[in-house]
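Report on the structure given below.
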Amino acid sequence: MSDTAKVREIILAHPRDEEQVVHFIKRSNGKLRMMRLKTELPEGSVKGEGGNGRTYDPAEHGLLTVWDLEKDAIRAVPLDAVTYVEQNGRPAYVDSMPPEKREAWKVLEAEKAEIEKLIQAAKDACKPLEEASKVNALQDLLKLVEKVESLTVT
């Protein structure tokens, strides 16, 4: 059984109306997310009841539809990115990612944060300036681009 299938089985085996905690890496930004959830969805909460359904099947994309208890809304958990599941206050699943990969992930996250800071600095440098200042701003931008290029992850 793949880890994705195993995670799905573990989450769905827990009573639907009971809380569980799931940690996963968000697909949208690569950051770790912790979600308190239930697999039981409130009546009428699923879009599509009455014919106005989703344009895709979440399961085909490796997603599990759940109820986020903190946001009080439907959310999707990417099963291939789950790192930890807690049920009844105890670990039910812990990702088996080797420690060296975890360390590499932390390094990439730190470098990503540095690049985001540089991008923001570049945006700030390019705010509307008087004509005489534009040359200096472009020179500053070029320096920032060179710095970003030096941070390229191998």
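The set of residues in segment 15-35 that are of a type in the set (Lys, Arg) and surrounded by 15 or more Cβ atoms within 10 Å (Cβ to Cβ) contains only 33. Residue check: residue 121 meets all listed conditions (1) modelled with pLDDT of 80 or more; (2) in the same structural domain as residue 7 (by TED's automatic domain parsing); (3) surrounded by 12 or more Cβ atoms within 10 Å (Cβ to Cβ); (4) of a type outside the set (Asp, Glu) but one, namely (2). Listed by position, the strands (runs of 3 or more DSSP E) inside segment 59-116 whose residues that are out of contact with any strand residue (DSSP E or B) (no Cβ under 6 Å at 6 or more places or on another chain), acidic (Asp, Glu) and modelled with pLDDT under 95 number at least 3 form an empty set. Just so you know, in segment 124-147 the residues that are exposed (fewer than 13 other Cβ atoms within 10 Å of the Cβ) and part of a loop (DSSP other than H, G, I, E, B) include one that is modelled with the highest pLDDT, and it is 127.
The values are calculated or read from the model by the stated rules, or taken from the named source; none is laboratory data. Note that this is a predicted model, so its numbers are computed, not measured. Quick reminder, even Gly has a Cβ in these numbers, built from the backbone with ideal geometry, and neighbours come from all protein chains shown.
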